[in-house]
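Report on one structure; see the data block that follows.
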Amino acid sequence: MAAFLFYIVIYSHNLLESDKFYSKIGFNIEKHQHGDGEQHLVCKNNDVLLEIYPLPNSDNQNVTKNIKIGIKVTSHKTILNQSEFFRQYLYLPPRETEWGKKMSLIDPDGHIIDLFEYCQ
């Protein structure tokens with residue numbers, strides 16, 4: 001038997017900022033809605049979906065806290081060249097790890113995003 005990751009759901013207080021953040025990393029974000037459900041953001045990356053749902057300011061029960069997401073990117077340099085935007089989100093600068101070169105950002109809702117550089 002084999003298991004494969006299918007989707008990840010996180011919640012955001014500001015979908016517009018989340019859309020801008022994840023789009024600048026390189027995701028193709030689209031608006032989506034399941035039937036009569038809430039409109040949310042979705043990105044399909046290979047076989048894994050990242051879904052970002054709106055979270056009203058008063059709703060703290062559905063906050064996705066302590067989430068860390070690892071993402072492969074082709075270049076940290078491309079992201080760092082957008083320094084005006086990403087300066088506010090930089091958590092840890094690029095460094096070598098046992099899994100390769102890694103840089104960490106904190107998204108607009110406080111989720112830690114580890115970006116691993118890889119060669120194509």
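Read-outs throughout are calculated quantities, based only on the coordinates presented, and are distinct from any laboratory measurement. Note that the structure is a prediction, hence the values are computed from the model and not measured. No Cβ is skipped: glycine too gets one built from the backbone with ideal geometry, and neighbour counts run over all protein chains shown.
Couple of notes before you dig in:
- Scope segment 1-24; condition closer than 18 Å to Y89 by Cβ, in contact (Cβ under 8 Å) with a residue 24 or more places away in the chain, aliphatic (A, V, I, L, M) and not in a strand (DSSP E or B); matching residues: L15
- So Y22, is it closer than 24 Å to F85 by Cα and within 14 Å of the chain's Cα centre (by Cα): yes
- Subset of segment 25-49 [charged (D, E, K, R) and in a loop (DSSP other than H, G, I, E, B)]: D36, E38, D47
- Residues satisfying the stated conditions in segment 9-50, i.e. surrounded by fewer than 16 Cβ atoms within 10 Å (Cβ to Cβ) and under 19 Å from L115 (Cα atoms): V9, E17, K20, S23, K24, N28, K44, N45, N46, D47, V48, L49
- Residue in segment 75-87 that is surrounded by fewer than 16 Cβ atoms within 10 Å (Cβ to Cβ), within 29 Å of F4 (Cβ to Cβ) and of a type in the set (K, R) present: no
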